[in-house]
1. Against the condition modelled with pLDDT under 50, over 55 Å from the mean Cα position of the chain (by Cα) and not β-branched (Val, Ile, Thr), how does Ala149 come out, does it pass?
2. Filter region 169-196 down to residues that are at pLDDT 90 or above and not in a helix (DSSP H, G or I) and give me whichever is surrounded by the fewest Cβ atoms within 10 Å (Cβ to Cβ).
3. Is it true that Glu21 is part of a helix (DSSP H, G or I), modelled with pLDDT under 80 and of a type outside the set (Gly, Ala, Ser)?
4. Give me the pairs, please: first residue somewhere in region 188-214 and within 15 Å of Leu170 (Cα to Cα) and assigned by TED's automatic domain parsing to the domain that holds Asn155, second residue anywhere and charged (D, E, K, R) and not in a helix (DSSP H, G or I), beta-carbon distance under 8 Å, and either six or more positions apart or on two chains.
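The values are calculated or read from the model by the stated rules, or taken from the named source; none is laboratory data. Since the model is a prediction, treat every value here as computed from it, not as a measurement. Positions of Cβ are backbone-derived with ideal geometry, glycine not excepted, and every protein chain shown enters the neighbour counts.
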Amino acid sequence: MIRPPYAARVAAGVVVTVLEETRKLPTTAITLPMSAVSQTLQAVMRFQQGIAEMAIKGDDIFESLLGRAEEEPEWATFDEDDDAEDIDDSAPTVSAAPITPATTTVTPADEKPETADDDPEATAAPAGTGRFALYSSTPDIEKDTPAGARRSAKNAPEIVVMLDYDTLTLAQLRAKLRGVGLPELKELADYEKGNRARAPFLTMLDNRVTAASK
């Protein structure tokens, strides 16, 4: 087999390489930005690393020639300390206000205001008034009883006097009529008709008379 010349082989290899790279072109185009960014970052990091190494070597040389310099670390001073110093410098000085002694006024004993104890009669509440007037005062029956009824009470039947009829309420009279007979009921009805003629009393007495007559 005759071997082709060297130039022909190189040309054939270039053609094959171009074809292969052409096939890889879509993938390369996608990954090219990421590859470029990563390579750039790597180059920047290597550059910074090289500068830092050079600075360290320079420090070693200066220390061997001039000796180590005593430096105060940056963390020895805090921002809070600076702020506190600024506040102390800017705070105004407040002068204390003069204290004035308190003056007390003494009222003579003769000028004391009159209290309720000096005149007990003026402050005493009248009898029958106030919160407990309903329970402490007795009802004035004579004011509620007409004059004609008081005059006729002297000539009233015996049952009227015995029951104290003129002072009874409707409920009290109903309770006392349970043991009263028919003649007494009629006397009470006639007495009520001839004197005060109160409709509720007359109705109740007439009903009792009707019930007792059956």
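1. Answer is yes for this residue.
2. My answer is Thr169.
3. no
4. Glu192/Arg198
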